[in-house]
Amino acid sequence: MTAREPVGSETEGTRSRPYDVVVIGGGQAGLAAAWHLGRQGLRYLVLEAADQIGSTWRARWDSLRLFTPAEYDALPGMPFPAPAGTYPGKEAVADYLRRYAEAADLNVALNSRVTRLRRTGAGFEVRTAERTVHAGQVVVATGPFQVPFIPSAAEGLDESVAQLHSSRYRDPASLPEGSVLVVGGGNSGFQIAEELAGTREVDLSIGTDYPVLPQRLLGRDLFWWAGLLRLTRVTAHSRLGRRMQARGEFVIGSNRGGLESAGVRFRPRLVDTVGRTARFADGSTRDIDVVVWATGYRSDHSWIDIPDVLRDGRVVHRRGVTEVPGLYFLGLSWQHTRGSALLGFVGEDAAHVADLARRRAVDPGPRPPVRDRGGPRISTIRS
């Protein structure tokens, strides 16, 4: 899909003219950015690597559902089409993103994976396999889930043990028969372990115990309480925000007691593997047939050929604004608040970035390095 541009259709004449802004990534963050950029009257283009909008969501396991009720899942300008108090599945989210791009007539180029981003004298050069695009400014909206991470312990497993990352897991029937070890104590690990326990023996290895929160409390959804207490608006640099980040992610709606009742056996951190045997931090072992690595993701910004953007492989920014004038990030975990990477909350950061892009398009003069009293913000992704 390539929708019409917000300021006239793309022709041979306009194709060679630099865009005001190029957005890299057509997921929820990139689409929210495009909506705001269009309302600011800027000439923009969204470059999406996949062949359809919402492909990242469609690739997740079949039973995946959002933790946020539908009333908290809207992007700017379009409510989520589901009853309040319901929890949309992955297909509903993917369909919503596609319809959102179509309804807003967003200018999205599919099959456009960016292979290099570099600065030029007039702004930025963005390369894909098929074309080179120039822009005065760039928003990187590739999200926090980029490269699946599998620990080195996987190397000791025998070839007869089937293993896959949670990003490739679909449903219990898609796995070979036999006992399963799920490695990872986040939301993905808990959900997948609980689903698999209905048909086979399951062990869940947890290296880090994340705080566990109920989906509902006193008849209200967790996000209703979070909104009432303004927890979703706690900023990354506040004292409470720093404490929340230090505690790590939350496991929502699942709990140890419920999984144990379903038959899941809990194990401590996985130390290593030899052949078909897994060894854990308490010295116990377990022979396994299948491993699901729910061990998170790592960032990959190797295609960004610009100094001063990354430090030790992580993005240096202040609310998505880097020290490189005209270069922004969007959709990072804790970019500004706890909700920055969530579907229904990314719009606020998108509005902030789009407003800065409009101001810079009007006055493209030099900008000082973006810092605050606590120094640059460095984003990271916890597994």
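A short reminder: the numbers here are calculations on the coordinates, not readings from a lab. Keep in mind the model is a prediction, meaning the values are calculated, not measured. Here the Cβ positions follow ideal geometry from the backbone for every residue, glycine too, while neighbour counts run over all protein chains shown.
Quick notes on this one:
- Taking only the Cα atoms of the range 161-232, the radius of gyration and Dmax are 15.6, 48 Å.
- Each residue of the range 350-356 is assigned a 3J(HN,Hα), and the resulting list reads 4, 5, 4, 5, 5, 5, 5 Hz, derived from the Karplus form 6.51 cos²θ - 1.76 cosθ + 1.60 (θ = phi - 60°), x at Gly and Pro.
- Prolate/oblate/rounded call for the range 270-365, Cα gyration tensor, a/c under 1.5 rounded: prolate
- Debye log10 I(q)/I(0) at q = 0.16, 0.17, 0.20, 0.25 Å⁻¹ for the range 215-302, Cα point scatterers: -0.97, -1.01, -1.10, -1.28
- If only the Cβ of Lys and Arg carry +1 and only the Cβ of Asp and Glu carry -1, the dipole of the chain around its Cα centre is close to 1500 debye.
- For the range 113-127, 3J(HN,Hα) computed residue by residue from phi via the Karplus equation (6.51, -1.76, 1.60; θ = phi - 60°) reads 6, 7, 9, 7, 10, 9, 7, 10, x, 9, x, 9, 10, 10, 10 Hz, glycine and proline entered as x.
- Amide H contacts for Arg116 (H built 1.01 Å from N in the peptide plane; partners 5 or more residues away or on another chain; cut-off under 5 Å): Arg127.
- For the chain, share of DSSP beta bridges that run antiparallel, in % to the nearest 5: 45 percent
- Positive-end residue of Gly275, Ser254, Thr235, charge dipole of the range 206-302 with Cβ unit charges: Thr235
- Against the chain, whose longest principal axis is taken from its Cα atoms, helix 90-103 shows a tilt of about 10°.
- Cα-Cα P(r), the range 192-342, percent of pairs per 10 Å interval: 9, 27, 27, 25, 12, 1
- Remark: the range 39-136 carries a charge dipole of roughly 500 debye about the Cα centre, counting +1 on each Lys and Arg Cβ and -1 on each Asp and Glu Cβ.
- Cα long-axis angle, helix 28-39 against the chain (0 to 90 degrees, to the nearest 10): 20 degrees
- Cβ-to-Cβ counts within 10 Å put Glu194, Glu177, Glu125 in ascending order as Glu177, Glu125, Glu194, the fewest first.
- Close amide-amide hydrogen proximity is noted between Gly26 and Ala49, each under 5 Å apart and 5 or more residues distant or on a separate chain (H modeled in the peptide plane; Pro and chain starts excluded).
- Using equal-weight Cα scatterers in the Debye expression, the normalised intensity of the chain in log10 at q = 0.07, 0.08, 0.12 Å⁻¹ is -0.34, -0.45, -0.97.
- Of the trypsin sites (Lys or Arg not before Pro) found in the range 77-175, those that fall in a DSSP loop while having at most 12 other beta-carbon atoms within 10 Å are Arg131.
- Stokes-Einstein diffusion coefficient of the range 37-162, Kirkwood radius over Cα pairs, 4 °C, 1.567 mPa s, in µm²/s: 74 µm²/s
- Table column - 3J(HN,Hα) (Hz), the range 186-192, Karplus curve with 6.51, -1.76, 1.60, x for Gly and Pro: x, 4, 4, x, 5, 5, 5
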